[in-house]
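The structure appears below as structure tokens.
Since every read-out is calculated from the coordinates, none of them should be taken as a lab result. Just so it is clear, the model here is predicted, and its values are computed rather than measured. For neighbour counting, all protein chains shown are included, and Cβ atoms are generated from backbone atoms with ideal geometry for every residue, glycine included.
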2 protein chains.
Amino acid sequence: MLSSPMSVDALASLVEAIFLRAGVDAVQAAPIARVVVAGERDACKSHGIYRVAGCLATVKAGKVAPAAVPELKDEGGGIIRVEAKGGFSNAAFEMGVPALVERARELGLAALVINDCVHFAALWPEIEALTAHGLAALAMCPSYSTVAPAGGSEPLFGTNPFAFGWPRPDGDPYVFDFATSVIARGDIEIYRREGRPMPEGWAIDAEGAPTTDPHAALSGALLPFGGHKGSAIATMIELLAGPMIGDLTSPEALDLLGGTTRFAPKHGELILAFDPARFAAGRGTDPFARAEGLFEAILGQSARLPSQRRYAARAEALANGVPLSEAELAELERLYEHGLAAVE
Amino acid sequence: MLSSPMSVDALASLVEAIFLRAGVDAVQAAPIARVVVAGERDACKSHGIYRVAGCLATVKAGKVAPAAVPELKDEGGGIIRVEAKGGFSNAAFEMGVPALVERARELGLAALVINDCVHFAALWPEIEALTAHGLAALAMCPSYSTVAPAGGSEPLFGTNPFAFGWPRPDGDPYVFDFATSVIARGDIEIYRREGRPMPEGWAIDAEGAPTTDPHAALSGALLPFGGHKGSAIATMIELLAGPMIGDLTSPEALDLLGGTTRFAPKHGELILAFDPARFAAGRGTDPFARAEGLFEAILGQSARLPSQRRYAARAEALANGVPLSEAELAELERLYEHGLAAVE
């Protein structure tokens, strides 16, 4: 019997075992487990163990290649490419990190392109994997069409996450990771499951009219954050992490799934890494020390830095384990026992 | 006597002459004139000839080095650096373009760092200079503290513009360029000059309370667009185009001016260029053709692409000249005749 709280390591082993028993190759299972458990550990519930069933459903539906082994293609120059070959993105990302770090240090900046990956994860674990090497990082990817462009009436963009990180020598990095929709789709799904109305301004229904009903929103369209500016950023993400890298846009990813958003979408991802030590070279200033002054100024007027709630939850979980509800424990047991038979 | 409309070339010659007569070196004067006239030509009034007096005031106050000749420092790798040596940014940018384009084609991506430049221009002319070479481009810079962080109470960030472009084979590029404040400071200045109240939600006053008075806003703080998400992007711009490149943050740029925003600020700028042909290599798809499908989908639901109003104004101005009011013509004559004596 599982019990709460569960240590981060124990939860990671359990989630990895669930994926292995469901037929996911070991190359993919461990990286997926790390990312899912990182979300749960950080109280980022929309990207935590709640995602496990969806990943298994994606496997069961044949919408991901669970045995795929990603392949690194270093084409020289500033572009490191990893072909995920239809597998989940996580192993492909981990495979690309060493080459990306080395190339960013060599050139000052470099890009990691992941192609043909099935994507369900938050981007901040990837950002943190790069800030841990002293690099600044920017990551973005399309999703599947759920967001209307500003002034539009129907889904076109994905929730297109945009994430950035900056290393801080003496603590957790500065990291933000947000959907370019007003809210993440996962958050709307939580409202739907809880049967609660959403705040106004998040979505339009299938007729293009404003709605607070999560069901209507999920069959209509989310709205971009920040009006036409957020809509422009969502467009940029489609272009850079879609056509530019030879991979799918959000409408194409939705088409590939046959129009359903029940499964994780397949598309590409773009990660940029910058070496501040190289960019600041010859200027006689320490980029990291100077950045601290900016963070102090933000905190000094009682504004917050992003990710602080995640880091607080993480510290608590690492010290005392990850708190899980009875229902969550039962769901993990069910997925462990029944594997793909447990999902539709 | 000047008369309206004025051809783009005639206006550019006039603006260049104003700068030359005011003691700005020819190396800087022509690039500044091109950018100012591009703004006026595109009916982007907040970055058009309205800026000329401010530039001269910056010269007169000794806050820019009008005789500085920028210096290119190609440090190898993906970073091209141009030291503006305290001069206006425009000549430094133009000097860096050929090396940036060549390096982006060689490596797939490259960065142009401009250091120690005095900055007053919109970023879209720079973006268009790169899309003209078939490259996608991203540009950003701090400004001086006028924007409060989300949840904060006083100015910290600049209006920190963020601009992006994607080349379109058969027409004007896809380009956006926006302030990460709800509105550009130049737009608030126009409200102030016209004595009109601003819409709600743009700014807070010196006590941190919401205001619609442009005077109160200019002595208080603007707000970031999109709440904490826009605030996070403004922070990213401070970090990447400030400490990372060894240059000033917005509060530091304001301090350097002695706390006034009457003059153009000195800081750095970061421009990233991407070669889609390199990023898509081996994928068997044409990134530009596929991007057109996305633009068609946006336009197909009656949403707009950014910059279309600019391009329409440009076509009109190139065909029929730039329309200028009597007051604008008189101001240009005054600046031409009296140079630095015409400004405070």
Q. Which of the lysines could a cross-linker bridge to B:K229, judged by Cα under 17 Å and excluding same-chain residues fewer than eight apart?
A. A:K229
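Can you put A:S13, B:S307, A:S3 in order of Cβ neighbours within 10 angstrom, beginning with the fewest? Walk me through the intermediate numbers first.
On the way: A:S13 15, B:S307 22, A:S3 9.
Result, fewest neighbours first: A:S3, A:S13, B:S307.
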Q: Output, in nm with one decimal and in ascending order, the distances from the B:G293 label point to the matching label points of the other copies (7 Å from Cα along Cα-to-Cβ).
A: 4.9
Q) Using the alpha-carbon centroid of each, what span in Å lies between the stretch A:88-107 and the stretch A:201-279? A) 24 Å
Q) If the chain between A:T212 and A:A281 were fully stretched, how many nm would it gain, using 0.36 nm times the residue separation less the Cα-Cα distance? A) 19.7 nm
Q | Helical mean residue ellipticity (222 nm; -39500 (n - 2.57) per DSSP H run of 4+; nearest 500) of chain B | A | -13500 deg cm²/dmol
**Q.** Dipole moment magnitude, nearest 20 debye, the stretch A:224-344 about Cα centre, only Lys, Arg, Asp, Glu C-beta charged
**A.** 620 debye
Q: Return the distance in nm (one decimal) between the two label points of a simple spin-label model at A:A17 and B:K85, each offset 7 Å from Cα along Cα→Cβ.
A: 6.9 nm
(Q) Just to be sure I understand: chains A and B are related by a rotation, so which residue of A has its Cβ closest to that axis, and how close in Å? (A) A:G226, 1
Q | Label spacing, shortest first and in nm, from B:G195 to its equivalents in the remaining copies (7 angstrom along Cα→Cβ) | A | 6.0
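Let's see if you can work this out: charge +1 on each Lys and Arg Cβ, -1 on each Asp and Glu Cβ, no other charges. What is the dipole magnitude of the protein assembly as shown about its Cα centre, in debye to the nearest 20?
So the magnitude is around 40 debye.
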Q | Average Cα contact separation per residue, chain B, under 8 Å, 6 or more apart, as relative contact order % | A | 22 percent
Q) Most exposed first by the Cβ proxy, i.e. fewest other Cβ within 10 Å, how do B:C55, B:C141 rank? A) B:C55, B:C141
Q. Which ³J(HN,Hα) values, rounded to whole Hz and listed in residue order, are derived for the stretch B:51-56 from phi using the Karplus coefficients 6.51, -1.76 and 1.60 in 6.51 cos²θ - 1.76 cosθ + 1.60 with θ = phi - 60°, glycine and proline given as x?
A. 7, 4, 4, x, 5, 5
Q: Return the long-range amide H neighbours of A:Y174 (sequence gap of 5 or more, or a different chain), with a cut-off of under 5 Å between placed amide H atoms.
A: A:W166, A:R168
Q: Report ³J(HN,Hα) in whole Hz for each residue of the stretch A:62-72, in order, from the Karplus equation J = 6.51 cos²θ - 1.76 cosθ + 1.60 where θ = phi - 60°; Gly and Pro get x.
A: x, 8, 9, 9, x, 9, 5, 10, x, 10, 7
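Which of the three applies to chain A, rounded, prolate or oblate, going by the alpha-carbon gyration tensor with a ≥ b ≥ c and a/c under 1.5 meaning rounded?
Values: a/c = 1.29, a/b = 1.17, b/c = 1.10.
The shape class here is rounded.
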Q: Please report the relative contact order for the stretch A:1-127, taking Cα pairs under 8 Å with a sequence separation of at least 6, and give it as a percent rounded to a whole number.
A: 22 percent
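Can you pull the mean other chain C-beta count within 10 Å for peptide A:131-137?
Values: counts 0, 0, 0, 0, 0, 5, 0.
Mean partner shielding for this stretch: 1.
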Q: Putting +1 on Lys and Arg Cβ atoms and -1 on Asp and Glu Cβ atoms, find which of A:T146, A:F263, A:P214 reaches farthest to the positive end of the dipole of the stretch A:146-266.
A: A:F263
Q.
Along the charge dipole of the stretch B:16-101, pointing to its positive end and built from +1/-1 on Cβ of Lys, Arg, Asp and Glu, which listed residue (B:F93, B:V35, B:G54) has its Cα farthest out?
A. B:G54
**Q.** For B:G76, inter-copy label distances in nm, listed shortest first [label point 7 Å out on the Cα-Cβ vector]
**A.** 1.7
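Note down the relative contact order for the stretch B:230-277 as a percent, whole number, built from C-alpha pairs under 8 angstrom at least six residues apart.
Working: 33 pairs, mean separation 15.9, N = 48.
This gives 33 percent for the stretch B:230-277.
Just rank B:S325, B:S143, fewest to most, by other beta-carbon atoms within 10 angstrom. Write down the numbers at each step before the final one.
Working: B:S325 9, B:S143 28.
Fewest-to-most Cβ neighbours within 10 Å comes out as B:S325, B:S143.
Just in the stretch B:61-93: which trypsin sites (Lys or Arg not before Pro) are loop by DSSP and have at most 13 other Cβ atoms within 10 Å? Each step should come with its number before you reach the end.
Details: sites: B:K63, B:K73, B:R81, B:K85; in loops: B:K63, B:K85.
Filter output for the stretch B:61-93: empty list.
Counting DSSP beta bridges with both partners in the stretch A:6-123, what percentage is antiparallel, nearest 5?
Values: 4 of 10 bridges.
Restricted to the stretch A:6-123, the bridges split so that about 40 percent are antiparallel.
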**Q.** Approximate spin-label separation B:L329-A:V69, in nm, with each point projected 7 Å along Cα-to-Cβ
**A.** 7.7 nm
Q | Test item: B:110-121 mean partner chain Cβ contacts at 10 Å | A | 2
Q: Return the average number of partner chain Cβ atoms within 10 angstrom of each residue Cβ along peptide B:298-310.
A: 4
(Q) For A:T260, project a label point 7 Å along Cα to C-beta. Then give me every residue of the stretch A:56-77 with its amide nitrogen under 18 Å of that point. (A) A:56-66
